[in-house]
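What follows is one structure encoded as structure tokens, with my remarks underneath.
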Amino acid sequence: MLGKADLLEVIAPLNRGIRATPADRLTVEAAAVRLEERNPTPQPLANPAQLEGNWRLLYTTSQELLNLDRLPLASLGPIYQCIRLGENRIHNIAEVNGPPWLSGLVTVAARLEPVSDRRVNVRFERGIFGLQGRLGYQSPNQFMAALAATPRFSLLQGIDFSINAERQAGWLEITYLDEDLRIGRGNQGNLFILKREPDSTRPVG
């Protein structure tokens, strides 16, 4: 699809949006709108097999995420959004690259509430920040299993804190979905473009 190739070409040099100038953001927005107009899956929540899985962030306008690249002696690694519709849950996992043994991890877990055929309310419930080694992080699937089995990590492993779901809530609308690309827009006006990770829902172990 030409529009899809155009969008991927535009965002390729922008490092998830970290290097994007105001002009770049306008160009990406225009390319995203053109592709959204050709959305092959207008009811994404009615296609759980296509929507569920682990998605790697290719581009965003969210400064909250992009500012993770400004941590001292660190750079932003891969960011994943892991959707589990059967559990009505979503996990945002950001890897932060650092010096040896000091690579970090920032994770936020939330509950999903479908409100239309393409929009979900998102209520954030738990946040975790720590070193990947201390948290035993290996992959998104492995870490989500660890989260489910660990009500709270110790302070020796990382900072594990509850989030007030009523105060920290928003929504996400899926405006484009095909077999390996997803575009979403959030309640704060941010744009998210993500690529499906292969075999992302395969159980670990």
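Wholly within the range 131-198, which strands (runs of 3 or more DSSP E) include no fewer than the required count, namely at least 2 residues that are within 17 Å of I79 (Cα to Cα) and free of Cβ contacts under 8 Å to residues at least 40 places away in the same chain? In the range 131-198, the matching strands (runs of 3 or more DSSP E) lie at 181-186. Listed by position, the strands (runs of 3 or more DSSP E) contained in the range 73-126 that have at least 2 residues being touching a Pro at 6+ places or on another chain (Cβ under 8 Å) and crowded, with 16+ Cβ neighbours inside 10 Å are 75-84, 89-97.
Applying a threshold of 8 Å to beta carbon distances and a minimum spacing of six or more residues, or different chains, the list of pairs starting in the range 21-50 at a residue that is within 28 Å of L66 (Cα to Cα) and assigned to a helix (DSSP H, G or I) and ending at one that is at pLDDT 95 or above and aromatic (F, W, Y) reads V28/Y59; A32/Y176; L35/Y176; E36/Y176. With respect to the conditions (1) closer than 15 Å to Y176 by Cα; (2) assigned to a helix (DSSP H, G or I); (3) under 19 Å from the mean Cα position of the chain (by Cα), I11 lacks only one, and its number is (1).
For the range 51-89, taking the residues that are β-branched (V, I, T) and in contact (Cβ under 8 Å) with a residue 60 or more places away in the chain, the one that is nearest to D6 (Cα to Cα) is identified as T60. For the range 43-79, filtering for residues that are within 23 Å of P198 (Cα to Cα), out of contact with any Leu (no Cβ under 8 Å at 6 or more places or on another chain) and not aliphatic (A, V, I, L, M) leaves 4.
The values are calculated or read from the model by the stated rules, or taken from the named source; none is laboratory data. Note that this is a predicted model, so its numbers are computed, not measured. Quick reminder, even Gly has a Cβ in these numbers, built from the backbone with ideal geometry, and neighbours come from all protein chains shown.
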